[in-house]
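Trainee: The structure is given below, and queries will be raised subsequently.
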Amino acid sequence: MRYRIIFCLVAIALLVGTVSADTLILYIDDTNQDGIIVRTVTGTWQQIRDGAGSTVQKTLTGSIGAPQIVTGTTDGVYIEMYRGGFIFNTSKLDDGVIIDSAVLSIRGVSQTNGLGEPTLGLTLFSPASNTTIALGDYSNFSNSRIANDTNYASWAAAYNNITLTNTSAIDTTGFFRVMVRDKWDIDNNSSGLVWGNSKTSRFTWYETSRTGTASDPFITITYHAAGGSPPVASFTLNKNFLRIPNSVTATDTSTNTPTSWEWSWGDGTANNTTQNPTHQYLKRGKFDIYLTATNAGGSGSTGATSVKVVGYENY
């Protein structure tokens with residue numbers, strides 16, 4: 001009996017929780033749509049941070065390092081800064097959807113803290129082309145973060161899942177373009193670096209098509225149709241016990257403003273589609289009533305609510 005009760009509770013929970021949310025996992029379409037842009041200049045912090053890129057690295061073996069900062073042999077002199085970039089084709093989403101959440105997954109390899117522990121941050125950038133990352137894209141960035149920073153200690157040699165805090169940055173009809181940068185770089189503040197000659201601080205990860213999709217970066221987007229959240233269906237009955245011929249009245253109490261309803265009465269009669277219907281039972285038995293409520297965001301269904309119908313002599 002206990003197992004039957006548990007099974008019923010689980011089944012009801014699944015029915016109540018039914019919503020029409022969808023999940024799309026997107027990988028990068030082409031190896032030219034991710035990689036790192038390096039600026040190589042022997043100069044001050046501002047000289048290494050500002051300007052155009054010197055090289056774009058897209059080697060197809062090993063790992064790739066970004067964000068990365070490298071110092072020279074003279075105090076206060078920098079020689080390299082690396083920024084990573086990803087271009088995802090988000091036009092694969094259905095038209096007019098509302099994004100509920102998005103998680104960027106990057107397969108980490110290692111990290112180095114020669115200048116102190118770096119911190120990985122995500123900002124948007126605007127590459128000249130949506131099909132390839134180029135030198136000029138080094139400076140085509142925004143300094144507004146779209147996720148909480150990932151600290152040095154939490155970076156793993158596995159998939160690092162970074163939840164976006166700004167899902168409005170995802171263009172559902174075009175592309176999602178994200179730049180991987182260091183906190184020092186984003187904040188334009190090198191005071192936190194621990195100076196060392198010829199030292200490096202960086203994160204390393206796998207880019208697209210190094211070892212196949214098992215290590216490729218990807219983004220997981222959960223979304224629903226425009227028009228708000230799907231209804232959470234619920235209802236009340238004016239009575240659960242009646243003698244034939246008699247009727248029961250159901251009152252819709254669903255949330256998220258449903259616009260249509262479908263009632264199943266359990267006695268073999270046709271379903272009803274009014275919001276607060278009255279249904280007449282003409283035979284004895286125990287019958288399960290269900291409601292499915294729908295709006296532009298999707299549908300939600302209830303578990304069963306039972307009514308007992310008896311004859312005049314209570315049999």
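The values are calculated or read from the model by the stated rules, or taken from the named source; none is laboratory data. Source: prediction; values computed, not measured. Here Cβ is always computed from backbone atoms with ideal geometry, including for glycine, and neighbour counts include all displayed protein chains.
Trainee: Can you tell me how many residues in region 78-111 are surrounded by fewer than 17 Cβ atoms within 10 Å (Cβ to Cβ) and under 30 Å from Gly43 (Cβ atoms)?
Mentor: Of the residues in that region, 1 qualify.
Trainee: Output yes when any residue across region 131-150 is surrounded by 21 or more Cβ atoms within 10 Å (Cβ to Cβ), out of contact with any helix residue (DSSP H, G or I) (no Cβ under 8 Å at 6 or more places or on another chain), assigned by TED's automatic domain parsing to the domain that holds Ser54 and modelled with pLDDT of 95 or more, and no when none is.
Mentor: Scanning region 131-150 turns up at least one residue that is surrounded by 21 or more Cβ atoms within 10 Å (Cβ to Cβ), out of contact with any helix residue (DSSP H, G or I) (no Cβ under 8 Å at 6 or more places or on another chain), assigned by TED's automatic domain parsing to the domain that holds Ser54 and modelled with pLDDT of 95 or more.
Trainee: Can you name every residue in region 282-297 that is buried (at least 18 other Cβ atoms within 10 Å of the Cβ), at pLDDT below 95 and not β-branched (Val, Ile, Thr)?
Mentor: Correct list: Asn295, Gly297.
Trainee: Taking region 58-77 only, how many residues are surrounded by fewer than 20 Cβ atoms within 10 Å (Cβ to Cβ) and in contact (Cβ under 8 Å) with a residue 60 or more places away in the chain?
Mentor: Within region 58-77, residues that are surrounded by fewer than 20 Cβ atoms within 10 Å (Cβ to Cβ) and in contact (Cβ under 8 Å) with a residue 60 or more places away in the chain number 10.
Trainee: Right, another one. Considering only residues that are surrounded by fewer than 19 Cβ atoms within 10 Å (Cβ to Cβ) and touching a Ser or Thr at 6+ places or on another chain (Cβ under 8 Å), look in region 176-200 and name the one that is modelled with the lowest pLDDT.
Mentor: So, considering only residues that are surrounded by fewer than 19 Cβ atoms within 10 Å (Cβ to Cβ) and touching a Ser or Thr at 6+ places or on another chain (Cβ under 8 Å), the one modelled with the lowest pLDDT is Trp195.
Trainee: Let me ask something additional. Report the residue count in region 121-147 for those that are under 16 Å from Tyr82 (Cα atoms) and β-branched (Val, Ile, Thr).
Mentor: 2
Trainee: Which is outside the structural domain of Thr173 (by TED's automatic domain parsing), of a type in the set (A, V, I, L, M) and within 27 Å of Ser91 (Cβ to Cβ), of Ala214, Ala296, Ala270, Ala304?
Mentor: Ala296
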